[in-house]
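Single-structure report; data block below.
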């Protein structure tokens with residue numbers, strides 16, 4: 001999503017942190033146990049031949065994957081840095097005293113005004129969703145306040161929007177060879193140069209089960 005579009009959403013409509021009812025059908029239920037072939041916690045790596053330009057050269061961390069569908073966050077589509085104070089104000093929080101800027105990522109084409117923060121597992125709040133014991137996700141404004149107070153997670157990635165699949169949809173895309181998979185790597189999620197993430201992930205790729 002272009003930065004101008006993101007800024008327009010922030011100023012006109014306000015941004016939202018948290019699960020949203022409109023996206024419920026695409027999101028696997030957090031209380032549902034993963035199936036025997038769940039890929040939650042894996043990286044999805046777009047094939048060079050993927051037919052959807054929205055996902056060209058993307059790497060996605062799958063947050064959930066059950067019989068009800070799948071949901072993930074693109075980790076290599078930075079938009080631009082945003083002042084933390086402005087981001088807090090955009091979600092209805094007090095930005096006074098918040099210093100510095102944070103990178104904002106386009107997490108996917110669904111619900112682009114909804115915020116999701118991937119972060120290291122050293123941080124937990126009510127509503128935090130553990131992904132694989134090393135990476136978690138929190139989708140409330142509490143984490144932004146904690147980041148502003150230097151009490152947040154050691155590593156974080158702030159994204160707006162997500163990638164979602166309905167029942168059986170991701171399996172169909174695997175059958176078309178749209179995606180490869182690779183084990184999650186927090187260093188790749190948080191630290192690697194974003195321009196190199198897809199290339200690095202491709203060296204680790206495997207065919208999905």
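The values are calculated or read from the model by the stated rules, or taken from the named source; none is laboratory data. Fair warning: this is a prediction, and the values are worked out from it, not measured in the lab. Here Cβ is always computed from backbone atoms with ideal geometry, including for glycine, and neighbour counts include all displayed protein chains.
Would you call residue 72 buried (at least 22 other Cβ atoms within 10 Å of the Cβ), farther than 26 Å from residue 47 by Cα and under 15 Å from the mean Cα position of the chain (by Cα)? It is false that residue 72 is buried (at least 22 other Cβ atoms within 10 Å of the Cβ), farther than 26 Å from residue 47 by Cα and under 15 Å from the mean Cα position of the chain (by Cα).
Among the candidates 149, 145, 129, the residue that is exposed (fewer than 14 other Cβ atoms within 10 Å of the Cβ) and over 27 Å from residue 199 (Cβ atoms) is uniquely 149. Counting only residues that are on the phi > 0 side of the Ramachandran plot and without any contact (Cβ under 8 Å) to a residue 12 or more places away in the chain, the range 150-189 holds 2 of them.
Restricting the range 89-105 to residues that are at pLDDT 90 or above and either in a loop (DSSP other than H, G, I, E, B) or surrounded by 17 or more Cβ atoms within 10 Å (Cβ to Cβ) (or both) leaves a set whose member that is nearest to the chain's Cα centre (by Cα) is 105. Determine whether residue 117 is surrounded by 15 or more Cβ atoms within 10 Å (Cβ to Cβ), in contact (Cβ under 8 Å) with a residue 12 or more places away in the chain, under 16 Å from the mean Cα position of the chain (by Cα) and part of a helix (DSSP H, G or I). Answer is no for this residue. Counting only strands (runs of 3 or more DSSP E) that fall entirely inside the range 124-209 and contain at least 1 residues that are farther than 30 Å from residue 90 by Cβ, at pLDDT 95 or above and in contact with a strand residue (DSSP E or B) (Cβ under 8 Å, 6 or more places away or on another chain), the qualifying elements are 179-183. The set of residues in the range 162-184 that are surrounded by 14 or more Cβ atoms within 10 Å (Cβ to Cβ) and over 16 Å from residue 37 (Cα atoms) comprises 162, 163, 164, 178.
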